[in-house]
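FYI, it's all coordinate maths here, none of it is from the lab. Predicted model, so just to flag it, every value in this text is computed and none were measured. Methodologically, a virtual Cβ is constructed for each residue, glycine included, from the backbone with ideal geometry; neighbour enumeration extends over all protein chains shown.
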Amino acid sequence: MKRPTLQTLALTLLTTAACADGAFYGDPPDATHPWAIHDMNRAQPARVEAGSFSSQNQPGTPPSDAIILFGGKEDEIGKWQADKQPAEPTKWEVKNGVLQCVPGSGYIRTKEEFADCQLHLEWSAPSKVEGNSQGRGNSGVFLMGQVEVQVLDNYNNPTYPDGSASSIYGINPPLANPLRAPGEWQTYDIVFRRPIFKDGKELDPGYITVFVNGVLTQDHTPLEGGGGHMKRSIRRPFPDQGPLKLQDHGNPVRYRNIWYRPLPKRAIEGGDASHMSEVATTAKRAKIAQTIREDAAKLEGTAKMLRLFESICYAQNADAKNNATRMLTDFVTEVHATQGDKIESRKGDILQVAKALRYLTKFKFLPEDLEAKKTLEAVIKAQDWEPKKK
Ligand code: MG
């Protein structure tokens with residue numbers, strides 16, 4: 001068999017996509033879903049160049065859209081400061097591409113403030129094992145400076161589980177302990193969502209997900225305020241943004257490869273999502289319809305008509321509907337006037353319009369007994385154009 005070239009493969013994929021994902025295909029928007037199923041009006045996912053994974057000897061590279069908080073350069077200490085008021089330079093040190101806690105110097109915090117994020121960092125507890133329980137290789141990652149994902153050398157070192165490495169300290173123990181031996185690098189991949197309150201009411205508790213060395217240890221764990229030592233914490237709002245803090249707990253813990261990617265807003269705070277409130281969905285549908293109408297204004301003929309009809313699946317608009325309906329009448333008149341062999345040259349358009357009308361009548365955007373639909377169906381039947389089912 002002849003091997004398909006890359007070009008023919010690409011063309012096949014494009015054609016398949018055009019057939020499968022175009023308008024008038026999946027179930028239309030509804031009261032809480034602003035998009036149709038398989039909707040090509042949705043934005044394509046942003047392109048991100050992936051980074052590489054770390055080895056024990058070498059940190060990996062971050063993805064292209066990551067904001068680097070510490071990538072191994074000495075001057076990156078300038079992105080951090082002592083966690084004091086007023087702020088002052090930190091005494092933590094950068095040596096051999098590694099950021100190291102200087103015991104007794106205090107927490108450090110980023111100058112940059114942010115909130116919901118994907119955070120990656122790597123840490124290493126001292127290879128010379130000293131102390132036990134909470135006294136061995138203790139540090140901590142404080143998201144927004146508010147809630148601690150514990151850093152602790154728990155390798156053969158039991159402690160209270162809600163204070164174990166990757167616990168949400170004082171709130172939830174990790175699901176597993178996948179730590180490597182002290183001195184080795186451990187990776188934390190964290191997904192953080194802050195709590196959202198409105199008028200004193202909790203709309204979303206906030207969540208933390210953690211992978212330690214690739215193993216899931218916090219599975220979308222809901223927050224209960226900030227957690228903490230000995231005291232039961234209560235749910236509370238966080239500020240809009242805050243610094244990332246790293247803890248000085250008296251042990252010279254080392255860090256490398258610290259970066260984050262900000263996360264988009266959740267639906268509850270006005271972000272786009274598959275499922276939204278009815279109010280947000282109505283507003284979003286109106287916006288999508290407007291974009292489609294603007295696109296239609298740049299088109300002509302059948303393409304314009306179909307795009308206008310597509311827009312009414314999102315929001316009613318008398319002008320768009322009347323305009324498209326007039327164009328449909330003209331289209332059918334033209335089909336009527338196209339005789340004999342010439343009809344074949346309109347096959348593509350006729351099938352496409354008939355497909356749209358089937359969809360629009362099925363989902364009641366147009367009346368079921370639409371005359372234009374009957375006419376086109378009759379032409380398709382007479383010409384035997386209906387694709388044969390295998
Ligand atoms: Mg700690």
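The order of the peptides 58-67, 41-50 by mean Cβ neighbours within 10 Å, most packed first, is 58-67, 41-50. Ranked by how many other Cβ atoms sit within 10 Å of their own Cβ, fewest first, the residues THR375, THR217, THR333 fall in the order THR333, THR375, THR217. For the chain, find the longest principal axis of its Cα atoms and tell me its angle to the long axis of helix 301-311, 0 to 90°, nearest 10. With both axes taken from Cα atoms, the answer is about 50 degrees. The ellipsoid equivalent to the alpha-carbon distribution of the chain has semi-axes of 59, 24, 18 angstrom, derived from the gyration tensor eigenvalues as √(5λ) and listed largest first.
Select from GLU269, GLU310, GLU368 the residue whose mean-square fluctuation is largest in a Gaussian network model of the chain (Cα-Cα springs shorter than 10 Å). Greatest mean-square fluctuation among the candidates belongs to GLU368. When the stretch 238-360 is described by a simple charge dipole with +1 on each Lys and Arg Cβ and -1 on each Asp and Glu Cβ, the residue from GLY242, ALA280, TYR314 located farthest towards its positive end is GLY242. Relative to the longest principal axis of the Cα atoms of the chain, the long axis of helix 6-21 lies at roughly 80 degrees. Using Cβ point charges alone (K and R +1, D and E -1), the dipole size of the stretch 67-269 about the Cα centre works out to roughly 140 debye. Sorted fewest first by neighbouring Cβ atoms within 10 angstrom, HIS38, HIS275 come out as HIS275, HIS38. Relative to the longest principal axis of the Cα atoms of the chain, the long axis of helix 278-297 makes an angle of roughly 50 degrees. Over the residues of the chain, the helix contribution to mean residue ellipticity at 222 nm works out to -8000 deg cm²/dmol, using -39500 (n - 2.57) for each DSSP H run of at least 4. Checking the Cα-Cα distances for LYS321/LYS364; LYS79/LYS201; LYS95/LYS245 against a 25 Å cut-off, the pairs over it are LYS79/LYS201.
Each Lys and Arg Cβ is given +1 and each Asp and Glu Cβ -1; about its Cα centre, the chain then shows a dipole of about 460 debye. On a straight-distance basis, which aspartates and glutamates could pair with LYS284 in a cross-link, Cα separation under 13 angstrom, same-chain partners fewer than 8 positions away excluded? Result set, ordered by chain and number: ASP30, ASP272. By the beta-carbon count within 10 Å of each Cβ, the least crowded to most crowded order of LEU308, LEU175, fewest first, is LEU175, LEU308. Here is the list for the stretch 59-132: GluC sites (Glu not before Pro) lying in DSSP coil, each with at most 16 other C-beta atoms within 10 angstrom of its C-beta, are GLU130. Rounded, prolate or oblate for the stretch 67-269? Axes are the square roots of the Cα gyration tensor eigenvalues, ordered a ≥ b ≥ c, and the cut-off for rounded is a/c under 1.5. Since a/c reaches 1.5 but b/c is at least a/b, the shape of the stretch 67-269 is classed as oblate.
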